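K.L.:
A single structure is presented below for examination.
The values are calculated or read from the model by the stated rules, or taken from the named source; none is laboratory data. Values in this document were obtained by computation on a predicted structure and should not be read as measured data. Here Cβ is always computed from backbone atoms with ideal geometry, including for glycine, and neighbour counts include all displayed protein chains. Only protein heavy atoms, including side chains, enter the accessible area calculation; ligands, DNA and RNA are left aside. Shrake-Rupley method; radii C 1.70, N 1.55, O 1.52, S 1.80 Å.
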Amino acid sequence: MRAAVLYEHNSPLVIEEVEVDPPKSGEVLVRMAASGVCHSDLHMLRGVHPSPLPAILGHEGAGVVEEIGPGVANVQPGDHVVLSWLPYCGHCRMCARGRPNICEDVAWSEVGTMADGTVRFHKGGERVHHYIATSSFAELSVVPAQTAIPVDPSLPLTELSLMGCAVATGVGAVFNTARVHPGDTVAVVGCGGVGLNCVQGAAIVNAGAIIAVDTEPRKLELARSLGATHAVNPSNTPVTEAVRGLLGGDGVDHSFEAIGNPATIELAIRLVGRGGQAILIGMAPPEARVPFDALNVTFQEIDIRGCWYGSVRPPVDFPLLVDLYRGGKLRLDSMINTCTLDEVNDAFRAMESGEVARSVIVHGSDDGATRGSPGEDR
Ligand SMILES: [Zn+2]
Ligand SMILES: [Zn+2]
C-alpha cells in the first residue's frame, strides 16, 4: 500500500509503497478513506514534538474496517469508522475516573509502536513506525480496535475524518473541559481546525458573545459563518482592549488558546475576566514558559486549565459529535480543502502560510460515498 513516510525532520514526506502486516490481537486493519492534516503532524515534521522515525504520520482519519484481529468485538469488516488517536488502558486511576484522555498507561503510542512494542509497517525489512496509534497518511493502517469508533455508513467519511482530532479537541474543549453554559462569554485565540471547532461548540451550547481572534481575515470570516459573534484581528487591533470594549470592560468567562504559542497563551490568560478560565489546548514547544499576572489570577479566581484532546471519552463523545453533525448543528464542509496523498507536502505548506483551515487527504478513488452534506439524501 502507499503511504507518506517521514524519514527526517524538516524534509518532505516521501510517498511510497510500504508493507503492512495483518492486525494482531485487539487490532484492526482499516482502509483509509480520508485523513485531515493537523498542526500536530506539522510539529512532528518540524521535530518540535518528535517521535521515532521513519514514521507514517496522520492522526485524523476515517475509513472502512478491512480485517479484524483476534478478540476484536466492537467492529466488523465493512464497518465505517472514525479513528480516535489516543488509546487508553481502561483500568488505571485516570481511566477509572472517566478521564481516558490522560490515561497513565499508553506511553507505547508515543514511541511509535503498537501495544506489544512492535510495528505493523515495514519497508525493505526495516521498521516503519506508527504515529500516535493512527498513521492515517496511508491507504491501509493497523490501529488498536478501541480507537476505531463505528459510525453511520451513510455519512461522508471525508467530513467525518475531522472528528478524529480537530472536532473532538475543539468541541470537546467547550463541552467537556470548560463546560460552557448558555450565555457565557467566550474568546477563541487561533481559528484553525481546532479553534473553529471551539467556535462552533460555543455556538451549539448557546454561548453569549463568541469572539474569534486570528491574524487571517479568511479564518475570521469562516469563524463568523460558524457562529462567532465578533472577530478581532491582532494585526490591526489591540486585542485585550477590543475584547474588553465589546464586553463593557469585562474579560470573558472562557478563553480558548488553540495555537500553543507562548505569546498567544499569555494573551488568552489576559482575556479572562473575574471568575473565568483560560483553556490551553494548543501544544506549546517543550521549553515554553509563559508569564502571567499571578496576583490577578488569585484575586479574580481565574482558572488556567490544560485541555488534552478535548477531554474526550471516545466511545461516549464520538457518537454524540456524529449526531450533532447528522443533525446539521456541526458544520464541517466549509473548513475543508481536499487533496490527494501525493499533495500532502503542499498541504503542509498551505497550513504554514495560513491559506486553509483544514486540508483533508482523500485516499484512492472517491466513490461518491465519502463526500457530501448531511441530510442530502434523507
Ligand atoms: Zn491533531
Ligand atoms: Zn488508563
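K.L.:
Principal axes first, then extents: for the Cα atoms of the chain, list largest minus smallest coordinate on each axis, whole Å, largest first.
P.N.:
62, 47, 41
K.L.:
For the range 291-335, what mean projected area does the convex hull of the alpha carbons give, in nm²?
P.N.:
Details: hull surface 22.7 nm².
If you wrap the Cα atoms of the range 291-335 in a convex hull and average its projections, you get 5.7 nm².
K.L.:
Quantify how much of the Cα-Cα distance distribution of the range 89-165 extends past 16 Å, in percent. Before the final figure, lay out each step's value.
P.N.:
Values: 1780 of 2926 pairs.
Result for the distance tail: 61 percent.
K.L.:
Over the Cα atoms of the range 1-86, what Rg and Dmax result, in angstrom?
P.N.:
Cα only, the range 1-86: 14.1, 40 Å (Rg, Dmax).
K.L.:
Oh, and also: Using only the alpha-carbon atoms of the range 37-139, report the extent along each of the three principal axes, biggest first, to the nearest angstrom.
P.N.:
Extents along the principal axes, in whole Å: 36, 32, 26.
K.L.:
Separate question: Contact order normalised by length for the range 215-335, with contacts defined as Cα pairs under 8 Å and 6 or more residues apart; what percent is it?
P.N.:
Working: 143 pairs, mean separation 22.5, N = 121.
Relative contact order, the range 215-335: 19 percent.
K.L.:
Out of His39, Val316, Thr113, whose Cα points farthest toward the positive end of the dipole of the chain (charges: +1 Lys, Arg; -1 Asp, Glu; placed on Cβ)?
P.N.:
Val316
K.L.:
Would you work out which of Val205, Ala3, Pro234 lies farthest towards the positive end of the dipole of the chain? Charges go on Cβ: Lys and Arg +1, Asp and Glu -1.
P.N.:
It is Val205, whose Cα lies furthest towards the positive end.
K.L.:
Also, quick follow-up: Under Stokes-Einstein, with the Kirkwood radius over Cα pairs standing in for Rh, what whole-number D in µm²/s applies to the range 250-342 at 10 °C and 1.306 mPa s? Please list the in-between numbers first.
P.N.:
Details: Rh = 15.6 Å.
Taking Rh from Cα pairs, D becomes 102 µm²/s.
K.L.:
Hey, what's the chain come to in accessible area per residue, 1.4 Å probe, Å²?
P.N.:
Numbers: 14930 Å² over 378 residues.
Solvent-accessible surface per residue comes out at 39 Å².
K.L.:
Once the Cα atoms of the range 227-282 are picked out, what are the Rg and Dmax in Å?
P.N.:
Cα radius of gyration and Dmax of the range 227-282 are 10.8, 29 Å respectively.
K.L.:
Where does the Debye-calculated log10 I(q)/I(0) of the range 167-308 sit at q = 0.11, 0.12, 0.21 Å⁻¹, using only Cα point scatterers of equal weight, no solvent?
P.N.:
One equal scatterer on each Cα of the range 167-308 leads to -0.32, -0.39, -1.31.
K.L.:
What nm value, rounded to one decimal, do you get for the distance between Val111 and Thr237 when each label is placed 7 Å out toward the C-beta?
P.N.:
4.9
K.L.:
Another question, if that's okay. For the range 297-364, I need the span (max minus min coordinate) of the C-alpha atoms along each principal axis, in Å, sorted largest to smallest.
P.N.:
53, 32, 20
K.L.:
Once you compute Rg and the Kirkwood Rh from C-alpha atoms, what is the Rg to Rh ratio for the range 107-228? Intermediate values should be presented prior to the final figure.
P.N.:
Numbers: Rg = 18.2 Å, Rh = 16.6 Å.
Using only Cα positions, Rg/Rh for the range 107-228 is 1.09.
K.L.:
Here's something else I'd like to know. Can you give the local net charge around Arg31? Use residues other than it whose beta-carbon is closer than 10 angstrom to its beta-carbon, Lys and Arg +1, Asp and Glu -1.
P.N.:
Details: positive: none; negative: Glu66, Glu67, Glu139.
Overall, the nearby charge balance is -3.
K.L.:
If you don't mind, another one. Within the chain, what whole-number % of the accessible surface is contributed by carbon and sulfur, with the 1.4 Å probe and all protein chains included in the calculation? Intermediate results must be reported in sequence, preceding the final value.
P.N.:
Numbers: 7680 of 14930 Å².
Answer for the chain is 51 percent, counting heavy atoms of protein chains only.
K.L.:
Something else now. About the Cα centre, and with charges only on the beta carbon of Lys, Arg (+1) and Asp, Glu (-1), how big is the dipole of the range 1-122? Nearest 20 debye, please.
P.N.:
Working: 8 positive and 15 negative charges, 86 e Å.
Here the range 1-122 has a charge dipole of around 420 debye.
K.L.:
Please work out the C-alpha center-to-center distance from the range 119-167 to the range 1-61 and express it in whole Å.
P.N.:
Each part's Cα centre sits 9 Å from the other's.
K.L.:
In addition: With both partners inside the chain, how many of the DSSP beta bridges are antiparallel, as a percent to the nearest 5?
P.N.:
Values: 34 of 59 bridges.
Approximately 60 percent, going by the DSSP bridge assignments.
K.L.:
What lysines does Lys24 reach when the alpha-carbon gap must be under 29 Å and sequence neighbours fewer than 8 apart in one chain are set aside?
P.N.:
Lys24 reaches Lys123.
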